[in-house]
1. Given 0.36 nm per residue, what is the gain on full extension from Cys60 to Ala155 after removing their alpha carbon distance, in nm?
2. Going by a ≥ b ≥ c, the root eigenvalues of the Cα gyration tensor, does segment 17-126 fall in the rounded group (a/c under 1.5), the prolate group (a/b larger than b/c) or the oblate group?
3. What does the highest-first list of 79-90, 108-119 look like by mean Cβ count within 10 Å?
4. Could you tally the net charge around Asp139, taking each other residue with its Cβ under 9 Å from the Cβ of Asp139, Lys/Arg +1 and Asp/Glu -1?
5. Does segment 19-59 classify as rounded, prolate or oblate by the C-alpha gyration tensor (a ≥ b ≥ c root eigenvalues; a/c under 1.5 gives rounded; else a/b over b/c gives prolate, otherwise oblate)?
6. Keeping all protein chains in the complex and leaving out DNA, RNA and ligands, what accessible area do you get for Trp48 with a 1.4 Å probe, in Å² to the nearest 10?
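The values are calculated or read from the model by the stated rules, or taken from the named source; none is laboratory data. Keep in mind that what you see is a predicted model, and the values were worked out from it rather than measured. Note: ideal-geometry Cβ built from the backbone for every residue, glycine included; neighbour counts use all protein chains shown. SASA here: full protein model, heavy atoms, side chains in, ligands and nucleic acids out. Shrake-Rupley method; radii C 1.70, N 1.55, O 1.52, S 1.80 Å.
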Amino acid sequence: MGCCSPFNAASGTAVVDPTRHVNFTNGMILGADDYSQEFAYHAARDQWISREALGYGTLCGLAVDVEADGARGPRVRVSAGSAVAPSGQFIGVGREQCGSLNAWLADRETAAKVTALAAGLSPPTAIDLTLYLVLSYSDCAVAPVPIPGEPCRSAEELMQPSRIADDYVLNFSFTPPPMAELDALRSEEHTSELQSQFRISYAVFC
């Protein structure tokens, strides 16, 4: 599950410092590194504010339901919504997402992990799995435009993405991402006994 983009996320070559912004001065020659630095400064401040002042978690929507999908087995449905990751990144899921549990478990890599988890069990075909539905921030490069350059370039070098779009990844996982704040709250409220009542946990952010 997740938003799809025809391009992979592009990463800049310059190292940016989130504590500095550009001192725009008349006569100063600006390059791509300067604009990347200015964006990094403002983006880092937004994340800092949301992380320290607001915390993280679901802002709206992102309701999770498990429904029968005929011969395909159970299907997990996640409504549109938004959230803040522990990093401070805002995550927007613009439309409803669906994922088949059986299809995910049948994947070769997933099946190998299940086999490893079931090793040594008796009988080996019976295993209780705790699955996490993990939502995380991502970005992707879009809107390709032609750029000048040397002759005899490859087709990939003729075009470069002109925009970086906010994106997300929504997937199943056997292991939860680190959540130090949430773990501390659960420990204080003595909710560890309640966790054992659920085999599948939802709405985990990274």
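1. Values: separation 95, 0.36 × 95 = 34.20 nm, distance 4.23 nm.
Computed gain between Cys60 and Ala155 is 30.0 nm.
2. Judged from the Cα gyration tensor, segment 17-126 comes out prolate (a/c at least 1.5, a/b above b/c).
3. Ranking the peptides 79-90, 108-119 by packing returns 79-90, 108-119.
4. -2
5. On the way: a/c = 5.05, a/b = 3.21, b/c = 1.57.
Note, shape of segment 19-59 comes out prolate.
6. 140
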